Amino acid sequence: MVNALIEFNDVSLVYPNGHKGLKNINLKINEGEFVVIVGMSGAGKSTLIRSINRMVTPTSGELIVDGEDILQLKDSQLRKVRTNIGMIFQSYNIVKRMSVLRNVLAGRLGHTGTLRSLVGWFPQNDLQIAMNNLERVGIDEKAYVRASNLSGGQQQRVSIARALTQQPKVILADEPVASLDPPTSHKVMKDLKRVSREDGLTTIVNLHFIDMAMEYADRIIGLRDGNLVFDGPIEEVTDQTFEEIYDRPIKDDDFLGSEEETDEKNESEQV
Ligand SMILES: Nc1ncnc2c1ncn2[C@@H]1O[C@H](COP(=O)(O)OP(=O)(O)OP(=O)(O)O)[C@@H](O)[C@H]1O
């Protein structure tokens, strides 16, 4: 049976300045789904994603994550829920002066405890989990390299490996490829989709290019001005769907473009 892992019931979020970031959102996301959220800049994509681990806090409604209304949780309970949610950001959020492996091991923090990790002591099992995840995204040979020496695409793979090492149920990815060139963007999205599938993770990704959304989503959620204006499987999505979500005709700029091969070495040199 498919269970809803995440459920928004009439969720709204009003920012302190009075701006309505989310307006009465009703939404169910099932275990194992790969959902892409699309919408114009300012539509509320980040707000929606960041509500799920309460990086921002909705001001009304009910937001159930893995059986708990996270809007009712106290700090310690919230920390527990967050260990089940891996986060991937546009800017990678890795510690550049530390090794790749150390960055990935940070994914074990919720399991191992901060004190142990501060002194750099991780159980052998954690090391194995981290190395295995580096291997899965193809950068295990970089484990002992300083993270600052990696290309953008490689740094984003480190952050994917870190999220996996957390052994979460949910991955939230907020514009994960917005800083990467088109071919690297496709490679990173392919990795993310593959590992999510392999681990049966529920994955929610914000993307702002139509072709990327169409290529990787199982299901598209469209936001416009804080409202949910589309929710359906990829098979039901047409150009017109995007025109309705964007409230304007589609333009060339809405497409990221070519997936053609790139030389990752060149990419490393640029970063
Ligand atoms: N802390 C804040 N205080 C007030 N308004 C905010 C705050 N954060 C976001 N907003 C506003 O809420 C709306 C939704 O922002 P959000 O970042 O969720 O949009 P988005 O769809 O992710 O856009 P983008 O693609 O540009 O990142 C925007 O109008 C934004 O200006």
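Taken together, the values in this text are just the output of simple stated rules run on the coordinates, not laboratory data. Bear in mind that the values here come from a model prediction, so they are computed numbers and not experimental data. Positions of Cβ are backbone-derived with ideal geometry, glycine not excepted, and every protein chain shown enters the neighbour counts.
Structure notes:
- Pairs where the first residue, in the stretch 40-60, is in contact (Cβ under 8 Å) with a residue 40 or more places away in the chain and the second is within 7 Å of the ligand (Cβ to nearest atom) and among the aliphatic types (A, V, I, L, M), C-beta under 9 Å, 6+ apart: 40/223; 43/223; 44/223; 45/223; 47/223; 48/223
- Members of the stretch 217-261 found to be among the basic types (Lys, Arg) and more than 18 Å from residue 25 (Cα to Cα), listed by number: 248, 251
- Screening the stretch 231-242 for residues that are surrounded by 13 or more Cβ atoms within 10 Å (Cβ to Cβ) and not hydroxyl-bearing (Ser, Thr, Tyr) and picking the one that is farthest from residue 35 (Cα to Cα) gives 242.
- Odd one out for residue 94 among (1) touching a helix residue (DSSP H, G or I) at 6+ places or on another chain (Cβ under 6 Å); (2) within 16 Å of the ligand (Cβ to nearest atom); (3) at negative phi: (2)
- Residue that is surrounded by the fewest Cβ atoms within 10 Å (Cβ to Cβ), among those in the stretch 16-39 that are touching a residue at least 40 places away in the same chain (Cβ under 8 Å) and within 7 Å of the ligand (Cβ to nearest atom): 21
- One residue from 134, 223 being outside any loop (DSSP other than H, G, I, E, B), among the aliphatic types (A, V, I, L, M) and in contact (Cβ under 8 Å) with a residue 40 or more places away in the chain: 223
- Residue 221 aliphatic (A, V, I, L, M) and under 21 Å from residue 65 (Cα atoms): yes
- Within the stretch 55-86, the residues that satisfy the criterion of being within 14 Å of the ligand (Cβ to nearest atom) and either crowded, with 17+ Cβ neighbours inside 10 Å or of a type in the set (Phe, Trp, Tyr) (or both) are 56, 58.
- The stretch 192-211, residues that are within 16 Å of the ligand (Cβ to nearest atom) and either among the aromatic types (Phe, Trp, Tyr) or assigned to a helix (DSSP H, G or I) (or both): 209, 210
Each row is one residue, and each column tells you yes or no for (1) among the β-branched types (Val, Ile, Thr); (2) away from the ligand (no atom under 16 Å from the Cβ); (3) without any contact (Cβ under 8 Å) to a residue 60 or more places away in the chain.
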position	(1), (2), (3)
148	no, yes, yes
162	no, yes, no
168	no, yes, no
185	no, no, no
190	no, yes, yes
238	yes, yes, yes
